[in-house]
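The values are calculated or read from the model by the stated rules, or taken from the named source; none is laboratory data. These numbers come from a predicted model, not from an experiment. Every residue, glycine among them, receives a Cβ derived from its backbone with ideal geometry; neighbour counts consider all protein chains shown.
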Amino acid sequence: MIDLWTETTLGEVIELYDHKRIPLNTRQRSERQGEFPYYGAAGIIDSVDDYIFDGRYLLIAEDGSVITQDGKPVLNLVNGKFWVSNHAHVVRGKSPISTDFLYYALSNVAIIGYLTGTAQPKLSQTNLKTIKLTLPPIPIQQKITSILSTYDNLIENNTRRIKILEDMAQTLYREWFVHHQFPGPENVPKVESELGPIPRGWEVVQFSDILDLVRNGITPSKFPEEIFAHFSIPAFDNEHMPALEDGDSIRSAKYLVTGGSVLLSKLNPRIPRVWLPFLNTEHKAIASTEFFILKPKPPVNCMFLYNLFRSPEFTENFIVRALGTSTSHQRVKPDDFLNMPVSIPTESLLNDFRQKVSPLVNICNTLRLKNINLRQTRDLFLPKLISGEIDVSELDIDRDSTI
């Protein structure tokens, strides 16, 4: 059946919507905060109060982060209402070719030869259109898409479940520790503090009193053949999963990540990035130096810190401590963070919260591991299906079914 496949260029099989893009700078986005995701080259970088696109589109990075570690384009398959900057091309498949199939086909294309620039690689619109593709007949495209999308649908379902569980934990945190509706004796008297009224028995301290800032450095490039689980800013923004990278490809120094810690990004705190790393991997865990590696001092625990850092109240106070000449590259200094005041509940309440939330976090970690396995299996099949190495022409597949 491979002899029925045809060679073409991407420009022949896409509808291009770059003319509809409207870039917003950091200040403009900060004035227009809302529910709709705002995409840059590599993925969601903010949320705004309106949208440009509504539907299913493929975003292809144009400049900046345009190429993956293995030489493929940076892609985002997006569905729904969203806004896009001018750093990502916006395309759809030209009927009868589906946008989903284009996503899978481009995931297997090496694009280094289509890029211009060295310090700032760019995939121009002209070069985008010249990318060569070998496409199977439409029925084969539909079968390939059905097989691969089954994995992606399972991943998406797991990701939705993770969000629901984390939102449940955050709701409980805010009920107990922000609104002071916690279990125990009713009508606990309030006392005045520098943060306002707090229940009697609680205290206001600085973050330096309840956690340690860990700075165990490592230079991964000194271990060129070792694979690291890299907790980076792009990895967080992409799928909230550490990227597996070899030491030779990691040029800058990093921090070692150990168990029992929480990662909090000091970069652009208006975009909250909080990570509760689970280290169920054989690879050494490292983190970008843009993260604070924070280890709680008992009786404070990771579950409490993680939900505290994800709360809007903390984010609001964290933002005002950011410094920088550029609104897109502001950072919070370690000492400014460590000197922030925080109200700490009683030890028994901290323990109760951990016991309530830990099962939710364990389920989230199990789902994340399932997603890792699903992605690995999908990525194993993808090049073999797209190249025709695995022949699906005789398979009886319900192309409209999803799991």
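Listing for the model above:
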quantity: Considering residues of region 328-353 that are touching a Leu at 6+ places or on another chain (Cβ under 9 Å) and of a type in the set (Val, Ile, Thr) only, the residue nearest to Ser30 (Cα to Cα); calculated: Val332
quantity: Qualifying residues in region 229-269 (those that are of a type in the set (Asp, Glu) and over 16 Å from the mean Cα position of the chain (by Cα)) - the one nearest to Ala287 (Cα to Cα); calculated: Glu245
quantity: Region 13-30, residues that are touching a residue at least 40 places away in the same chain (Cβ under 8 Å), of a type in the set (D, E, K, R) and not in a strand (DSSP E or B); calculated: Asp18, Lys20, Arg21, Arg27
quantity: Considering residues of region 31-47 that are touching a Ser or Thr at 6+ places or on another chain (Cβ under 8 Å) and part of a loop (DSSP other than H, G, I, E, B) only, the residue surrounded by the fewest Cβ atoms within 10 Å (Cβ to Cβ); calculated: Glu35
quantity: Criterion violated by His329 - all others in (1) exposed (fewer than 15 other Cβ atoms within 10 Å of the Cβ); (2) assigned to a helix (DSSP H, G or I) satisfied; calculated: (2)
quantity: Positions within region 128-165 being under 21 Å from Val74 (Cβ atoms), in contact with a Gly (Cβ under 9 Å, 6 or more places away or on another chain) and either at pLDDT below 95 or surrounded by 14 or more Cβ atoms within 10 Å (Cβ to Cβ) (or both), in sequence order; calculated: Leu128, Lys129, Ile131
quantity: Residue match in region 138-153 (condition: among the small types (Gly, Ala, Ser) and farther than 30 Å from Asn362 by Cα); calculated: yes
quantity: Any hit, region 193-201, residues being in a loop (DSSP other than H, G, I, E, B) and touching a Ser or Thr at 6+ places or on another chain (Cβ under 6 Å); calculated: yes
quantity: Helices (runs of 4 or more DSSP H) completely within region 63-182 that count 1 or more residues being of a type in the set (D, E, K, R) and under 29 Å from Leu276 (Cβ atoms); calculated: 138-177
quantity: Candidates Arg368, Arg331, Arg378, Arg310, filtered to the one that is among the charged types (D, E, K, R) and in contact with a Pro (Cβ under 7 Å, 6 or more places away or on another chain); calculated: Arg310
quantity: Region 229-287, subset in contact with a Ser or Thr (Cβ under 7 Å, 6 or more places away or on another chain) and over 28 Å from Glu313 (Cα atoms), residue surrounded by the fewest Cβ atoms within 10 Å (Cβ to Cβ); calculated: Arg251
